[in-house]
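Here's the structure we're looking at; comments come further down.
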4 protein chains.
Amino acid sequence: MTNQTLILIQCDDAVGLVARIANTISAHRLNIVTMREYVDEAANRFYVRIVCAGKVENNHQLKKDLTNALPEFATVHVSPPQQKRLAILVTKEHHCLGDIIVRHFFKTLDAEVCCVVGNYDHLRAFTERFDIPFHHVTHEEKSKADFEKEIAQTLAAYHPDYLVLAKFMRILSPEFVAHYPHRIINIHHSFLPAFIGANPYKQAHARGVKLIGATAHFVTNDLDEGPIIAQDIKPVNHSHTVKDMVRTGKEVEKSVLSKALSLVIEDRVIITGNKTVVFE
Amino acid sequence: MTNQTLILIQCDDAVGLVARIANTISAHRLNIVTMREYVDEAANRFYVRIVCAGKVENNHQLKKDLTNALPEFATVHVSPPQQKRLAILVTKEHHCLGDIIVRHFFKTLDAEVCCVVGNYDHLRAFTERFDIPFHHVTHEEKSKADFEKEIAQTLAAYHPDYLVLAKFMRILSPEFVAHYPHRIINIHHSFLPAFIGANPYKQAHARGVKLIGATAHFVTNDLDEGPIIAQDIKPVNHSHTVKDMVRTGKEVEKSVLSKALSLVIEDRVIITGNKTVVFE
Amino acid sequence: MTNQTLILIQCDDAVGLVARIANTISAHRLNIVTMREYVDEAANRFYVRIVCAGKVENNHQLKKDLTNALPEFATVHVSPPQQKRLAILVTKEHHCLGDIIVRHFFKTLDAEVCCVVGNYDHLRAFTERFDIPFHHVTHEEKSKADFEKEIAQTLAAYHPDYLVLAKFMRILSPEFVAHYPHRIINIHHSFLPAFIGANPYKQAHARGVKLIGATAHFVTNDLDEGPIIAQDIKPVNHSHTVKDMVRTGKEVEKSVLSKALSLVIEDRVIITGNKTVVFE
Amino acid sequence: MTNQTLILIQCDDAVGLVARIANTISAHRLNIVTMREYVDEAANRFYVRIVCAGKVENNHQLKKDLTNALPEFATVHVSPPQQKRLAILVTKEHHCLGDIIVRHFFKTLDAEVCCVVGNYDHLRAFTERFDIPFHHVTHEEKSKADFEKEIAQTLAAYHPDYLVLAKFMRILSPEFVAHYPHRIINIHHSFLPAFIGANPYKQAHARGVKLIGATAHFVTNDLDEGPIIAQDIKPVNHSHTVKDMVRTGKEVEKSVLSKALSLVIEDRVIITGNKTVVFE
């Protein structure tokens, strides 16, 4: 990311759009390195991800100029020069957190893990070994509103760009989610929309499935129904116990969340309605 | 299969079971080539697939001797020396039928396609090019009971071992299914149990999924809920239209059904309750 | 493909390139539906695939105008409105041919199989069932030059756009290949560049590999060394005999060649040096 | 593993073998939970992995009794009740070490990481955060023999069961390897046997491959040629730079080594000649 400018645009489709965008970028003396486009014909909607060589001098002016060059209802995102900041929310399971923090430690994440918040204290020892602040905010003996308020206050000090639910097992209220629009990323057990709800691996085992999946998605008001970023599966067979399926599921969850985070951190994801455009 | 004897057994687990089975097979002067076992500890149930070098002289006697050597509630299957016979049921889509018939033609299926029955006449030309009888049994202007009776009568002449629903788009009644217990194999659009019902690809597209799957399963009374034999997926992305997803879905369906048929034809599948034990 | 114009371009990279291309296309009153670009920074080379709604009125004029608008050393391809024509070369194995011809028959290939040429006569019966001309050109009792001359003469009558080596087991001379520059597609046993040469599955079995692969590539003078279009693998294990690995290999070959053909037929592949840019 | 006995056997095949083994195990009052067998017909060789419920009272007596019950040239392994001990050898790359140590920390590895030895000091800080001894043994300014002697002496204090080369970039001499027969596990960049040697990703990039692989194998005298335990691949495309391919390669290496370690730790791997039998 060091010496690049990254631009994400979506707007209604129109003739000559690419020329207008390219001219505007040219005028800012940036050279387009990669340009990935997609037009949703049915919706007449245009999406583009542009990587330019060189850091833009005036981030806001470029954003303004691009917006002026585009049709109405355009959204333009020009990535700021700083690294993105991630706050990680956890419960007791470590597999996703472990992967994220090791990447953070060795600087292969290309983002800053600013804090970890757990509704249990289980993962404090691991987190603190890496000098990352860990906050225990219990959900016990308080209302959901109070619990979420406490989390929000804890997070506020860190100014995170994204909240990562790395196996955070509490359901967040629409009010909480509304404070972080399109900024909460969740990893969901099982291959959505199958086996929504409790004990998904027990359900999967009882059903005799031959695949175990995981889905990383943005969180919106509908539980487990936000825009999907990445999905993957691993094969299982009759000899796998529920416990084996859980183990396999954790491996998939870890790698799918890791992939989704890379995509978001590298500005490869545009949200559109309840779906994503992903420029891999 | 040419000079082998294939045995599938399931029974309650007990100490010394393997020795008893091995001794019985030894007494029939067969040499065990491969033996694949699985014990479901929770259910205390034992499953084994045995390949022996040499054709058994007396199929029925071996089955009887094995049953006598085993605990109660055992089921023993000794494969007959003849090739299995498949009847294929279709509607209009050709992708699964095409694959099965080409394998049949080049003798890589290791089974006999004895006939194709369609509730439309669309696939007659293709089928008859391979000198396989095609029967058009329309579902129009008759009751479901009459439609199924006509299919059953048509099939009766061919004595099929298995009915393969190769994109047969009519739902079969429990009465019909009961005539072919554990002998009907279906390929289901989409990754069960997600997107059950109509227009699964439209649902999948609207949901913005990143994977398209297919499931081959035995048909039981519950629609789409019988024991799963094989599942697989292929990746899709935002640029895929519903039509592209249908095309991808057909590829997965074709290869999953093909794999499931191979597993069943080679006697690698034991049904147990609503699940399968598959010795791949 | 029915009402679209497809454009593939590669040229040296330059500022304002996308604008120039978009303007030229705009001037031909075509609307860009999809535009997929790639810039190879190291080589300073620009690649783009453009799908336009509407059939271009003057194919040659558009090509000329685009070339004029671009830097030196540009290659511009504007797809003709007709379907591509494929000539299939085979030896004895049927798995790839079977798949191609069934797709052709059901019109899901989006190309015309104009003829099949075999150096053995084994696949005549299958081919002729689909009313496709089959030519037996034996390599026996003649020089390689004469053999290839006879093939070339046979093919000439059909004006094929591409030659597909669907398990054609004769090595073609550089002279023959030179007549069809970037127009010969081969499917190679095994995952190149591993196990080049004779008996690849025997080698793979002896080595105890856990994966079997296949590679589809354009044929150039270096045997098995042309630009790779697609690759895939399937897992194997210790219980697989050489024969099983061959069977698995055929499945991979069939699906990899099928994928490569789709990519080429849909003008998704640009050749650059000994590599390909594939806009999937 | 807590209350199980694990047995691995290989010997020449013979009639009645399974019965003899089952009887011997029965006599030790162990109940067979899972039994996975494989017969290599060509080599007339029999392999079996047996999981028994209950800890064996006399490990050595059971091994002796089994050996007596079997034909000549049998090898019998009865797993000791203690956890296996792993010594990890590294150079500078952290991706494999990070994964192993996090699993160790959270006790999901089912083995003990007793020490890390690096020929550079780069990974000390990470390792010591987990209270695992790190030894820096430089290869500089000393002979290979002296370097290896120093490693051997360092390791001796820890009594490791296995040496894991987690991106250890020095080639070990046959003398060193001979001290740890079938006890050294290596992860190899690239999909063996392709691209053996220096700069494999540069080679792969130049060749325009569409897949990147990794291979975990036991180390024998021949460099990179020992018995393969696990292999996997990930897709890449034209837009991947050498650097991207390296990143993808690291992901594959990490997950393949992780899988291979699980297989070895759970006694699922039998070595036979230059191949492995893996009971997954």
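Would you check if there is a residue in the stretch A:46-68 being away from chain C (no Cβ under 13 Å) and open to solvent by less than 20 Å² (accessible area, probe 1.4 Å)?
Yes: the stretch A:46-68 contains one or more residues that are away from chain C (no Cβ under 13 Å) and open to solvent by less than 20 Å² (accessible area, probe 1.4 Å).
Can you spot a residue in the stretch C:188-197 that is at pLDDT 95 or above and within 16 Å of the chain's Cα centre (by Cα)?
no
For (1) among the acidic types (D, E); (2) open to solvent by 60 Å² or more (accessible area, probe 1.4 Å), each residue gets a yes or a no:
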site: A:R124; (1), (2): no, yes
site: A:I132; (1), (2): no, no
site: A:E140; (1), (2): yes, yes
site: A:P160; (1), (2): no, no
site: A:V164; (1), (2): no, no
site: A:F168; (1), (2): no, no
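What's the number of the only condition in (1) under 30 Å from B:I229 (Cα atoms); (2) acidic (D, E); (3) at pLDDT below 90 that A:D232 fails to meet?
The number of the failed condition is (3).
Can you tell me which residue in the stretch B:10-20 is nearest to the other protein chains (Cβ to nearest Cβ), limited to those that are closer than 20 Å to B:H60 by Cα and within 27 Å of the chain's Cα centre (by Cα)? Steps first, please.
Here is the first cut: in the stretch B:10-20, the residues closer than 20 Å to B:H60 by Cα are B:10-11, B:20.
Remaining after also requiring within 27 Å of the chain's Cα centre (by Cα): B:10-11.
Working: B:Q10: 12, B:C11: 14 Å.
Ranking the candidates gives B:Q10 first.
Which condition from (1) of a type outside the set (A, V, I, L, M); (2) under 18 Å from C:E266 (Cα atoms); (3) without any contact (Cβ under 8 Å) to a residue 40 or more places away in the chain; (4) more than 9 Å from every other protein chain (Cβ to nearest Cβ) is the one that C:T34 breaks?
Here C:T34 clears every test but (4).
Counting only residues that are buried (at least 19 other Cβ atoms within 10 Å of the Cβ) and touching an Asp or Glu at 6+ places or on another chain (Cβ under 7 Å), how many does the stretch A:76-85 have?
Number satisfying all stated conditions: 1.
Only one of D:D267, D:D224 is within 18 Å of the chain's Cα centre (by Cα) and either modelled with pLDDT of 90 or more or among the small types (G, A, S) (or both). Can you tell me which?
D:D267
Across the stretch B:229-261, which residue is most open to solvent (accessible area, probe 1.4 Å) among those that are closer than 13 Å to A:K210 by Cβ and touching a helix residue (DSSP H, G or I) at 6+ places or on another chain (Cβ under 7 Å)?
It comes out as B:D232.
Output the number of the condition that D:E72 fails; it satisfies all remaining conditions of (1) among the acidic types (D, E); (2) surrounded by 17 or more Cβ atoms within 10 Å (Cβ to Cβ); (3) farther than 30 Å from A:R103 by Cα.
Here D:E72 meets the rest and fails (2).
Touching a helix residue (DSSP H, G or I) at 6+ places or on another chain (Cβ under 7 Å), open to solvent by less than 50 Å² (accessible area, probe 1.4 Å) and of a type in the set (D, E, K, R): which single residue out of B:D110, B:D99, B:D40 fits that description?
Checking each option against the conditions leaves just B:D99.
Would you check which residues across the stretch B:262-280 are within 17 Å of C:R247 (Cβ to Cβ), buried (at least 22 other Cβ atoms within 10 Å of the Cβ) and free of Cβ contacts under 8 Å to residues at least 60 places away in the same chain and list them?
Of everything in the stretch B:262-280, nothing turns out to be within 17 Å of C:R247 (Cβ to Cβ), buried (at least 22 other Cβ atoms within 10 Å of the Cβ) and free of Cβ contacts under 8 Å to residues at least 60 places away in the same chain.
Just to verify a result, which residue in the stretch A:21-31, among those that are open to solvent by 30 Å² or more (accessible area, probe 1.4 Å) and facing chain C (nearest Cβ under 8 Å), is nearest to C:A22 (Cα to Cα)?
Let us first name the residues in the stretch A:21-31 that are open to solvent by 30 Å² or more (accessible area, probe 1.4 Å), namely A:23, A:26-29, A:31.
Then drop every residue that is not facing chain C (nearest Cβ under 8 Å), which leaves A:23, A:26, A:31.
Values: A:N23: 11, A:S26: 15, A:N31: 17 Å.
Restricting to residues being open to solvent by 30 Å² or more (accessible area, probe 1.4 Å) and facing chain C (nearest Cβ under 8 Å), the top hit is A:N23.
The values are calculated or read from the model by the stated rules, or taken from the named source; none is laboratory data. Note that the structure is a prediction, hence the values are computed from the model and not measured. Please note: Cβ atoms are built from the backbone with ideal geometry, for glycine as well, and neighbour counts cover all protein chains shown. Calculation scope for accessible area: heavy atoms of the full protein, side chains included, ligands and nucleic acids excluded. Shrake-Rupley method; radii C 1.70, N 1.55, O 1.52, S 1.80 Å.
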